[in-house]
Amino acid sequence: MTASALVLFSGGQDSTTCLAWALARFGHVETVGFDYGQRHAGELAARPRILEKLRADFPHWAGRLGGNHLLPLDTFKAIGGSALTDDVKIAMGHDGLPTTFVPGRNVMFLTAAAALGYRRGIADLVGGMCETDYSGYPDCRDETVRATARALTLGLGREVAVHTPLMWLDKAATWRLAQELGGPALVDLIVEETVTCYRGERGARHAWGHGCADCPACDLRAAGYEKYKAA
C-alpha cells in the first residue's frame, strides 16, 4: 500500500466517511478543505477536531494521515446568490434546483484539489459526491465528475483519478459503510463531530448528530440514520 490520495474534506458526514475509505486503501492520505465564504462554516471548524480524533482513536490509520490543507475560494461568495453564501431562504428555486445550489462548486473544488495534488505528487482525488440521496445538484452527478476528471487529465498532462465511493449509496448505506470501515467508534465520531447542516448549527444533539433538523441536509442525514438503525 504505497499510493497517495488527496481527500476533499469539508468536515461533514460524507467527506469524513470518504476520508476513512481512503485511509483503508491508500498508504498516504492528505486532506483539503475550501473556505468559499460559506455560511455553514461550522464544517471548517469541525475539520481539525475530526482529524485529531482520527489520529488518536484509530492508530492503524494515524501513520497514513498526512498534511491538511485549506484553500480560499471566495469567488463563490463574490458571485453570491446561494443560500449557502448569502442570506437567502432555503427553498426550491425557479430553475428547479434548491437555493442551496452553488453553481460550479464541485468543478472548482476538483480543479483546485487537482492543482494542489499536482504540486504534492498526488494524482488520486477522493470526493463525497453522490447522486443517490442528494439535492439534485448537477455537479454531484457521476457524469459531471467523470468529465471533470477527463478535463483535468488533459489539462495537467497526467492521469487524474477521482474516486467517489458514495456515488451510488443512499444515506443509510453511507452510515453502514462508516461502520464497516471504522466500527461503532467511527459512527460515534461522525455523530458527535461532523457538521452537515446547511445552517451549520451545533446546538441541538439528535440521535444522528448535531443540526437544525429542518434543512434538506439534516432531513437526508436523519432519514438515512433511521433507516440504517432499523436494518
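Atom-type composition of the exposed protein surface of the chain places 53 percent of the accessible area on carbon and sulfur (1.4 angstrom probe). Rg ratio for the chain: its Cα radius of gyration over 2.2 N^0.38 Å, N being its residue count, equals 0.96. Using Cβ point charges alone (K and R +1, D and E -1), the dipole size of segment 120-219 about the Cα centre works out to roughly 300 debye. For the chain, build the charge dipole from Cβ charges (+1 Lys, Arg; -1 Asp, Glu) around the Cα centre, then report which of Ala213, Cys18, Val102 sits farthest towards its positive end. It is Cys18. Normalised by 2.2 N^0.38 Å, where N is the number of residues, the C-alpha radius of gyration of segment 1-108 stands at 1.22. Overall, segment 13-68 carries a charge dipole of about 100 debye about its Cα centre when +1 sits on the Cβ of Lys and Arg and -1 on the Cβ of Asp and Glu, all other atoms neutral. Using +1 at the C-beta of Lys and Arg and -1 at the C-beta of Asp and Glu, which of Leu186, Met167, Leu156 has the Cα lying farthest in the positive direction of the dipole of segment 132-192? The Cα lying farthest towards the positive end belongs to Leu156. With bins 5 Å wide beginning at 0, the percent of Cα pairs of segment 144-218 falling in each bin runs 3, 15, 16, 16, 15, 12, 12, 8, 3, 1. For the listed peptides 5-13, 136-144, a ranking on the average number of other beta carbons within 10 Å per residue, highest first, reads 5-13, 136-144.
Site pair Glu180 and Leu154 shows an inter-label distance of 3.5 nm when each label is modelled 7 Å from Cα along Cα→Cβ. Each Lys and Arg adds +1 at its Cβ and each Asp and Glu adds -1 at its Cβ; summed about the Cα centre, the chain shows a dipole of about 420 debye. Glu43 exposes around 20 Å² of accessible area when a 1.4 Å probe is run over every protein chain in place.
Between amide H atoms placed 1.01 Å from N, distances below 5 Å from Gly66 occur with Val29, Glu30, all of them 5 or more places distant or on a separate chain.
Taking every lysine pair in the chain that is 8 or more places apart or spans two chains, those with Cα atoms closer than 30 Å amount to 9. Sequentially through segment 7-14, phi angles give Karplus couplings (6.51, -1.76, 1.60; θ = phi - 60°) of 9, 6, 10, 8, x, x, 4, 5 Hz, Gly and Pro residues having no value and appearing as x.
The values are calculated or read from the model by the stated rules, or taken from the named source; none is laboratory data. All figures in this text were calculated on a predicted structure; none of them were measured in a lab. Note that each Cβ is placed from the backbone with ideal geometry, even for glycine, and that neighbours are counted across all protein chains shown. Each accessible area value is taken on the protein alone, full model and side chains, heavy atoms only, with ligands, DNA and RNA left out. Shrake-Rupley method; radii C 1.70, N 1.55, O 1.52, S 1.80 Å.
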